[in-house]
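K.L.:
Below is a structure I'd like to ask you about.
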C-alpha cells in the first residue's frame, strides 16, 4: 500500500474520516469526520483561532453559507469561477481537461491556459478518457461553473449559491463590520466555516472535496498608512520557492528570514511577508514537519489579475520524497494561500452593492485645502439661456474642479449637449476657496491568509504517521502534537478488579477536572489498548495495575506514545506531571529522570 | 419599540446578529453573526459540547451538509418534509397557509391539518393576502418541500439536498459508528452544525431562518436492556405542560421532579425524562430564565407517527407575559425537541441502504436454543421427483421452522408451485436441534435531544436584557452568564497617560495568560466604554486610573456589570479575584467584602 492508501485506511478504521453515505454507494467528494477526526479538526480550528483571531486582536464572524446571486455577480464568481470540462463521447463521463493535460504531459498549471489551447493540447497528446479509454481529441471543452446552485424560496424565487469561499461573507458585510471596528484601520475579520466547490470529478480523497472547511482572515489596511508589526516575526526563517526558481532549469529553494525576504524583494508585500512568518510558526507549533513544508509563489499565469503577490503554503504528503532539497520531488499539496488583493473585492461590492465600502479616516489634524469653485450668477444665465441655464451652471461647476486654468481669460467655454457655450468669466463666479477637511474616505486594501482546514488535518496525520517495532510486533502510530491530538491521555485499568476500576475512575475524574481530554478504555488486553491509542495519536497512556494499589504511595504507570518508555508515578503527582508535559514544557525525559522507569513491558502481562 | 425590536436593534448595533447581504437588499431568512454574536454562539456550542458530549461520554462527528437524494428518500424527507404553500393570485407572493389560518383564527398547530381542510378554512375565515390584501379563498394549496435542492457534479449529475437536520448524517453512518463504539450499546453520537429549511416566507427574524445551527444528540440504546442513569437527575424539578393540560379548558403547568414525572407516567420514556432533566440543568447553567422556560408535550396531531413521546423545550421571549402561571400568556418559541424515535430511522436506512444497521449484542453467556429443522433425504426425493426435488426440500426446511407440528404424523404435505406434495415424514429428516447462540442482532432505538443554537442565543439575549438608570441616565445591559458572555473582562486605561497605558497592557496580558477573554478598549470616555460593555454583556470591567500608579500597591478598579458597584483591587490579586468570580464561585459581594468600595463613580471623571 502507498502511504496515501495506508493513511486513508487508518483514517477509516480509527474514525478520523471516511467517504460519506457509503451505504448508498457514496458520492465523490464528500467526507465525514468520525469521532477522532472531528476532535483533531476542532483542535486545529481552536489553534488557528487562538493564533489568527485572538492573538492578532482580530474579530471572528459567522455568515450564512448560502448567498443570493447578486453577491457572486459582484465578486466575479458567477462569470469566472470555472473549470474546463470535457465529456467523453463514448461513456459520457466528465473530466477536468486541464488535469488530463497535466497527466499526459510535462505541463504544469494547465488551468491557466486558454480553452482553445487546451483543446489543441488534448489532440496533440492524444489524451484518452480515463474511464473508458476512448480518444478525447476533437471533443469541445466547456467552462463549468463550480458553484452549487439552489433556489431560495418557492416558485421562481431567487437564485442562490453555496459560497465557494468564506471571504465574500466578510466583504459583503464590510459597511457594518467597519462600524464595529469603530472606523479605524487596520482591522482584521476572521471566519471558520464550510465552503463548497462542485468539482467536475474529485480525486485525491479528502484533499480535493466538494465540501470543505476554510479558516480565512481578511486584513483590512489603509494602503498609505498601515504597516504590519514585522518585527514580531522578522527572524522567522522561511523556505521560499519563488516563481523565478520554479521557471529556472533546476531551480531550488531560497531560505530567508522574513526581514531578508522583504529587504531582498522576494516577497513584495510586507503584510504577506508578515503572515508567512506567523503561519510558519503556527504550522510548526501544531506539528507540520518543517522539512516537508514550503511557501511557493504563484506563477504569473496562476495569479488572479488583482493579486499583486500571492504565495501558497504547501506540504509534502507522500512521504516518498527522496531529496528534500529538490522542489520537484514528492507530492505537494496547497494548504493555505496568502494574497494581497488590493481593493479588488471592496471596490467590486461598492460598484454593485448599495452601501459605503470605504472607511472615513480622520486626519491627525484637520487639513486646509484650496479648491477651485464656480458659483454662476443665475440672474444673468437665466434670462440669457432659459431652460438650458441649469445645465450650463452645472457644466461650469464641473469645469472649475477639473480645469481651473480655463477660467484665466475674459470668457470661458463649456460643452452642453454637444454645443459649445461661451459666457463671461465674471458671470461664472469663479474663485479659489479654502476648505478645512477632517479626513478622507479610504477604500482599504485587503490581505488574505486563507487556510484549508481539511488539508491541514490530512497533513498532520501524514506527517505524524510512523511505523516501528515494539516487542517484536510492527506498530503504527501517529506522533500528533499534544495541542491537536484528539485525546490527551488514555487511562487503562486492568480489568476484573473492582479496586483498580475505582482508582481508574478517580484518576479519570482528576485529569478531566484539570481540563485534559481523557479516554477511559477498559476493553481488550492492555497491549491492544496501547496500539489503539498509538494509532489515534494519544500522547500519554496511564495504566492502573495491581502494583498501583499494593504499594504506598498509590502509583500508576505512564507511557510515552513515541518511545513507549514507561515510568511509575504517584497518583498525587499525576495531574501536575502530565499537565506540564502536555503544555510542551520539557519532554518525557523529565519524567524518566524523576521517577522509576518500568522495565517490564506491561503489554506482556 | 417592542422588546423584540429593541433586541434586534441592539443585536445589529453591537454586532450580535443582523440580516445578511443588506447591501444587496438582503434575502429573508439569512442572518450573519457579528463578532459579539459569533462569540456568544461559540460559547453556547462549547457549553453544549461539554454537557452533552464530554460529560455524557458521547462522541462527536462532522458530516457534510449536502447529501445525495437516496438518503432523503429513505429518511422520508423527500416525501414528507413539506409546508402548505398558497400563492396570491393578485401579487404572486407565497405564504404559509397554516400560518395565515392561525393568524386569522384561534386554531393552533394548523400545520397538522390536512390540505383540503386548510383550503376550506382559508375560505371560511376569509383570509386575505398579507402583502396586497386580495382574498385567498379558492386558491389551491400546494405541498412545498422545504429542502434546498442542488445538483452534484456536471450535467445531469446527481441530485442532492442540503440537510434539513444534522441527524441523518449520523444515522446513515451508523454501520461505521457502531464499530467505533466497539458494538456496545448504549452509545451516543453528537453533531453541531448547519441545517437548512427553505421556508416559504420566513418571519420572526432570527427565530425562523432558512439556515441555522443545530446541536443534536442521537442516543442509541438496546430497547430491552438499556436504562438511563436516571438517579443523576432524579430530583431536578421540571415545569411540564402536558398535552392533556393544553387541551383542557384553563389547563396549567405540572411541576414535577424527573422521578415523579416518570413514576406518574407524565413522561413515558425514561430516556426522554433523563434528558429533560439534563437539559433543564444545562439551560439554567447558561443563563436561561427558569421563570420563562417550560417543557411542552407535543399534541397528538403534532407528533410524528413514529415518535412515542415528544417534548419541546420552550422559552418565552417577549418579556411581556403578565401571568407566569398562565401557559397561554407570552410569546413562546421552541428551542429544543426531545423525541423517542424508536427504530424508525435505522430501520428505514436498513431497508433502503446496503449495509447492516443492527448491533450484534453478545449474551452474557452463550444461550442454548432448540430449533426444529428438516434435512430431507435427497437420495429418495431425487429419483422420485426429479427436477422438483430441490424445491420440495426447500419447502420442507421452511415448514420445519414455521410449523414443527406438521411433522407429527406419518406423512407431511408441502405446497410447491401451487401443487400439494406429500412425502413420508421419515424422508423429510425432521428433528429438533440444540443450537448455541452467542448473541443476537439488535436494531437500536434512538432517543434524540435536538437543540436550536440560534434560538438559544436569541433566548439568552432576551432573558439577559435589562434596563435601569445609572447616574441619572438610562442604561441598557445584558446580564449574560460568565460562561457564555462574549467577553469576560474589559480593560480601560484612562487615555493620554503612557504609564497607565503600559499598566493596562500588562493587566491585559496577565488576564489573557490566565485564559480569560479580554477586551482592551481605549476609545471614548470611560462612561461610554462602560455602556458599550454593558450592552454586550461583559461581566466585569477593569479601569486603570491615575490612582492606580500613584498609590502603593498598584491597584485598579473592578466594576460589576449588573450592579455597577466598584471596588479597588491590588493588581497582584486581580487574576485570582476575577478568575474566582467568573467561575461562578461567589458573587461580586465577595469583592465588596474584601476590598475598598469606590464611591465616586468613575463615569463622571
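The values are calculated or read from the model by the stated rules, or taken from the named source; none is laboratory data. These numbers come from a predicted model, not from an experiment. Reconstructed Cβ throughout: ideal geometry from the backbone, glycine too, with neighbour counts over all protein chains shown.
K.L.:
Restricting attention to strands (runs of 3 or more DSSP E) lying wholly within the stretch A:524-605, give those where 2 or more residues are more than 42 Å from the chain's Cα centre (by Cα).
P.N.:
A:555-560, A:566-570
K.L.:
Sort out which residues of the stretch A:1-28 are out of contact with any strand residue (DSSP E or B) (no Cβ under 7 Å at 6 or more places or on another chain) and at the interface with another protein chain (Cβ under 10 Å from one of its Cβ atoms), and write them in order of number.
P.N.:
Hits for the stretch A:1-28 are A:13, A:14, A:15, A:22, A:23, A:25, A:28.
K.L.:
On to the next question. Give B:439, B:472 a once-over and let me know the one that is without any contact (Cβ under 8 Å) to a residue 24 or more places away in the chain and either surrounded by fewer than 19 Cβ atoms within 10 Å (Cβ to Cβ) or not assigned by TED's automatic domain parsing to the domain that holds residue B:399 (or both).
P.N.:
Going through B:439, B:472 in turn, just one is without any contact (Cβ under 8 Å) to a residue 24 or more places away in the chain and either surrounded by fewer than 19 Cβ atoms within 10 Å (Cβ to Cβ) or not assigned by TED's automatic domain parsing to the domain that holds residue B:399 (or both): B:472.
K.L.:
Hey, can you tell me all the residues within the stretch B:29-38 that are in a helix (DSSP H, G or I) and more than 7 Å from chain A (Cβ to nearest Cβ)?
P.N.:
B:36, B:37, listed by residue number.
K.L.:
Mind counting the residues in the stretch B:319-335 that are part of a loop (DSSP other than H, G, I, E, B) and touching a helix residue (DSSP H, G or I) at 6+ places or on another chain (Cβ under 6 Å)?
P.N.:
2
K.L.:
Here's a follow-up. Among the residues of the stretch B:507-519, are any away from chain A (no Cβ under 14 Å), over 16 Å from residue B:583 (Cα atoms), in contact with a helix residue (DSSP H, G or I) (Cβ under 9 Å, 6 or more places away or on another chain) and at pLDDT 90 or above?
P.N.:
yes
K.L.:
Let me ask something else. Within the stretch A:171-183, how many residues turn out to be in a loop (DSSP other than H, G, I, E, B), surrounded by fewer than 19 Cβ atoms within 10 Å (Cβ to Cβ) and either more than 8 Å from chain B (Cβ to nearest Cβ) or touching a residue at least 12 places away in the same chain (Cβ under 8 Å) (or both)?
P.N.:
Adding up the residues that qualify gives 1.
K.L.:
Exactly one condition in (1) assigned to a loop (DSSP other than H, G, I, E, B); (2) more than 22 Å from residue A:289 (Cβ to Cβ); (3) out of contact with any strand residue (DSSP E or B) (no Cβ under 8 Å at 6 or more places or on another chain) is false for residue A:481; which is it?
P.N.:
Looking at each condition in turn, residue A:481 falls short on (2).
K.L.:
Listed residues B:95, B:77; which is modelled with pLDDT of 90 or more and more than 30 Å from residue A:206 (Cα to Cα)?
P.N.:
Every option except B:95 fails the conditions.
K.L.:
Spot the failing condition for residue A:84; the list is (1) in contact (Cβ under 8 Å) with a residue 24 or more places away in the chain; (2) in contact with a helix residue (DSSP H, G or I) (Cβ under 6 Å, 6 or more places away or on another chain); (3) facing another protein chain (nearest Cβ under 10 Å); (4) within 21 Å of residue B:155 (Cβ to Cβ), and only one is missed.
P.N.:
(3)
K.L.:
In the stretch B:184-199, what residues are buried (at least 23 other Cβ atoms within 10 Å of the Cβ) and either part of a loop (DSSP other than H, G, I, E, B) or without any contact (Cβ under 8 Å) to a residue 24 or more places away in the chain (or both)?
P.N.:
Of everything in the stretch B:184-199, just one residue is buried (at least 23 other Cβ atoms within 10 Å of the Cβ) and either part of a loop (DSSP other than H, G, I, E, B) or without any contact (Cβ under 8 Å) to a residue 24 or more places away in the chain (or both), namely B:198.
K.L.:
Return the only residue of B:350, B:393 being surrounded by 14 or more Cβ atoms within 10 Å (Cβ to Cβ), in a helix (DSSP H, G or I), at pLDDT 90 or above and within 14 Å of chain A (Cβ to nearest Cβ).
P.N.:
B:350
K.L.:
Can I ask one more? Counting just the residues of the stretch B:90-115 that are loosely packed, with under 14 Cβ neighbours inside 10 Å and within 14 Å of chain A (Cβ to nearest Cβ), which one comes out nearest to residue B:167 (Cα to Cα)?
P.N.:
The selected residue is B:92.
K.L.:
Let me ask something else about it. Can you tell me which residue is farthest from the other protein chains (Cβ to nearest Cβ) among those in the stretch A:190-209 that are over 23 Å from residue A:49 (Cα atoms) and modelled with pLDDT under 95?
P.N.:
Checked the stretch A:190-209; the qualifying residue farthest from the other protein chains (Cβ to nearest Cβ) is A:204.
K.L.:
Something else now. Within the stretch A:142-170, work out how many residues are assigned to a strand (DSSP E or B), touching a strand residue (DSSP E or B) at 6+ places or on another chain (Cβ under 6 Å) and in contact (Cβ under 8 Å) with a residue 40 or more places away in the chain.
P.N.:
10
K.L.:
Quick check on the stretch B:128-144. Is at least one of its residues on the phi > 0 side of the Ramachandran plot, surrounded by fewer than 21 Cβ atoms within 10 Å (Cβ to Cβ) and facing chain A (nearest Cβ under 10 Å)?
P.N.:
No, every residue in the stretch B:128-144 fails to be on the phi > 0 side of the Ramachandran plot, surrounded by fewer than 21 Cβ atoms within 10 Å (Cβ to Cβ) and facing chain A (nearest Cβ under 10 Å).
K.L.:
Is it true that some residue in the stretch B:63-71 is touching a strand residue (DSSP E or B) at 6+ places or on another chain (Cβ under 7 Å), in a helix (DSSP H, G or I) and within 14 Å of chain A (Cβ to nearest Cβ)?
P.N.:
yes
K.L.:
Go through (1) under 23 Å from the mean Cα position of the chain (by Cα); (2) closer than 30 Å to residue B:98 by Cβ; (3) within 11 Å of chain A (Cβ to nearest Cβ) for residue B:159 and report which single condition fails.
P.N.:
Looking at each condition in turn, residue B:159 falls short on (1).
K.L.:
For the stretch A:218-243, name all the residues that are more than 22 Å from the chain's Cα centre (by Cα), over 20 Å from residue A:57 (Cβ atoms) and at pLDDT 95 or above.
P.N.:
Residue satisfying the conditions is A:235 alone.
K.L.:
Scanning the stretch A:533-552 for residues that are out of contact with any helix residue (DSSP H, G or I) (no Cβ under 8 Å at 6 or more places or on another chain) and more than 17 Å from residue A:481 (Cβ to Cβ), which turns out modelled with the lowest pLDDT?
P.N.:
Ranking the candidates gives A:551 first.
For every residue, the table says whether it meets (1) in contact with a strand residue (DSSP E or B) (Cβ under 8 Å, 6 or more places away or on another chain); (2) in a strand (DSSP E or B).
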residue: A:337; (1), (2): yes, yes
residue: A:340; (1), (2): yes, yes
residue: A:346; (1), (2): yes, no
residue: A:361; (1), (2): yes, yes
residue: A:366; (1), (2): yes, yes
residue: A:373; (1), (2): yes, yes
residue: A:379; (1), (2): no, no
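K.L.:
Can you tell me which of (1) surrounded by 22 or more Cβ atoms within 10 Å (Cβ to Cβ); (2) more than 8 Å from every other protein chain (Cβ to nearest Cβ); (3) under 30 Å from residue B:24 (Cβ atoms) is the one residue A:56 doesn't meet?
P.N.:
Result: residue A:56 fails condition (1) only.
K.L.:
Now a separate question. Quick check, is residue B:406 without any contact (Cβ under 8 Å) to a residue 24 or more places away in the chain, closer than 15 Å to residue B:427 by Cβ and surrounded by 14 or more Cβ atoms within 10 Å (Cβ to Cβ)?
P.N.:
Taking the combined requirement at face value, the residue satisfies it.
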